[in-house]
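Just below is one structure, and these are the notes that go with it.
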Amino acid sequence: MAGQLNLVLLGKQGAGKGTQSTRLAERFQLAHISTGDILRAAVKAGSPLGLEVKAVMDAGGLVSDELVIRLVEERYQAPDAARGGLLDGFPRTLAQAEALEALLGENGVKLCVNLEVPIDLVTQRLSSRRVCQNCGTNYRDSDESAISGVCAKCGGHVVQRSDDRPEAIRQRLEFYERDTEPLLDFYAARGLLVSVNGDQSPDEVTSDIVAAMHERGLA
Ligand code: ADP
Ligand code: ZN
């Protein structure tokens with residue numbers, strides 16, 4: 001289906017990729033494809049895949065390219081991905097970006113949004129982040145749901161992600177710089193890169209992304 005809309009969101013951990021992907025996927029009826037969410041679900045379910053990746057994830061390391069590429073391939077088989085996908089946390093390495101090109105074929109990636117946020121701010125956001133284990137909603141440590149530990153949306157358990165602790169945060173940001181930042185050049189060279197200021201309210205960020213999509217006839 002050549003009409004597929006596939007968007008890649010790049011940006012450091014804590015830049016707001018998850019929040020924006022969820023909103024955009026809903027608005028444009030695309031699949032929200034988050035390899036982090038898929039992997040966390042596997043860990044939570046205690047499946048063989050989950051057991052394999054848990055230690056790597058807890059330490060803030062990267063799961064093998066081969067494995068995440070396979071997960072994304074599978075995810076694209078689901079009916080909600082027929083119109084395309086909002087890619088969040090994938091690709092994260094050049095090998096993954098190349099595999100995605102091969103996988104999408106003539107559909108391709110239509111736009112890559114770089115969510116720019118200063119390093120101090122992401123570190124602060126990550127350390128105060130709490131998440132619902134059940135529905136994945138993010139909270140701040142000062143939010144009522146975080147304090148009570150009960151998700152306002154679904155009643156699930158609100159916890160700190162095991163990789164949102166200082167040592168794992170540092171590791172993830174290091175991997176981002178080393179492995180993922182080169183993807184900015186990869187997408188810029190294809191004329192697909194647009195940068196958006198992620199240090200704004202979620203609504204402002206969404207409207208900047210949608211404006212960039214408009215400019216390219218994607219929305
Ligand atoms: P963050 O971007 O905040 O680190 P994610 O939810 O995207 O969070 O990913 C959580 C963890 O899952 C990563 O630290 C890594 O261990 C693993 N992971 C997710 N996506 C990938 C990927 N594309 N390649 C390798 N590992 C991944
Ligand atoms: Zn919840």
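General remarks:
- In the stretch 155-191, the residues that are over 18 Å from the mean Cα position of the chain (by Cα) and assigned to a loop (DSSP other than H, G, I, E, B): GLY155, GLY156, ARG165, ARG190, GLY191
- Where LEU86 falls short, out of the listed (1) open to solvent by less than 30 Å² (accessible area, probe 1.4 Å); (2) at pLDDT below 95: (2)
- Counting only strands (runs of 3 or more DSSP E) that fall entirely inside the stretch 27-119 and contain at least 2 residues that are among the small types (Gly, Ala, Ser) and closer than 28 Å to ASP203 by Cβ, the qualifying elements are 31-34, 84-88.
- Screening the stretch 5-40 for residues that are away from ligand 1 (no atom under 15 Å from the Cβ) and open to solvent by 20 Å² or more (accessible area, probe 1.4 Å) and picking the one that is nearest to the chain's Cα centre (by Cα) gives ARG23.
- The stretch 89-103, residues that are more than 8 Å from ligand 1 (Cβ to nearest atom) and either over 17 Å from SER34 (Cβ atoms) or crowded, with 19+ Cβ neighbours inside 10 Å (or both): LEU94, ALA95, ALA97, GLU98, ALA99, LEU100, GLU101, ALA102
- Residue within the stretch 130-152 that is more than 16 Å from ligand 2 (Cβ to nearest atom) and in contact with an Asp or Glu (Cβ under 8 Å, 6 or more places away or on another chain) present: no
- Whether a residue is at positive phi and in contact with a helix residue (DSSP H, G or I) (Cβ under 7 Å, 6 or more places away or on another chain) was assessed, and GLY50 does not pass this test.
- Residues located in the stretch 120-138, provided they are outside any helix (DSSP H, G or I) and farther than 27 Å from ILE69 by Cα: SER128, ARG129, ARG130
- Filter pass, ASP58 being open to solvent by 30 Å² or more (accessible area, probe 1.4 Å) and touching a Ser or Thr at 6+ places or on another chain (Cβ under 6 Å): yes
- Residue match in the stretch 154-162 (condition: out of contact with any Asp or Glu (no Cβ under 7 Å at 6 or more places or on another chain), modelled with pLDDT of 95 or more and within 15 Å of ligand 1 (Cβ to nearest atom)): yes
- Consider the stretch 139-154 and keep the residues that are open to solvent by less than 60 Å² (accessible area, probe 1.4 Å) and outside any loop (DSSP other than H, G, I, E, B). The one that is nearest to PHE90 (Cα to Cα) is TYR139.
- Any hit, the stretch 13-34, residues being in contact (Cβ under 8 Å) with a residue 60 or more places away in the chain, within 19 Å of LEU183 (Cβ to Cβ) and within 16 Å of ligand 2 (Cβ to nearest atom): yes
- Within the stretch 162-184, the presence of at least one residue that is farther than 24 Å from ARG23 by Cα, touching a Ser or Thr at 6+ places or on another chain (Cβ under 8 Å), surrounded by fewer than 17 Cβ atoms within 10 Å (Cβ to Cβ) and not charged (D, E, K, R) is confirmed.
- Cross-chain or 6+ apart pairs with Cβ under 6 Å, the stretch 105-132 first and away from ligand 1 (no atom under 14 Å from the Cβ) and open to solvent by 60 Å² or more (accessible area, probe 1.4 Å), then at pLDDT below 95 and not polar (S, T, N, Q): GLU106/ALA2
The values are calculated or read from the model by the stated rules, or taken from the named source; none is laboratory data. Just so you know, these numbers come straight off a predicted model, no measurement behind them. With ideal geometry, Cβ positions are generated from the backbone for all residues, glycine too; neighbour counts draw on all protein chains shown. These accessible areas exclude ligands, DNA and RNA; they are computed on the full protein's heavy atoms, side chains included. Shrake-Rupley method; radii C 1.70, N 1.55, O 1.52, S 1.80 Å.
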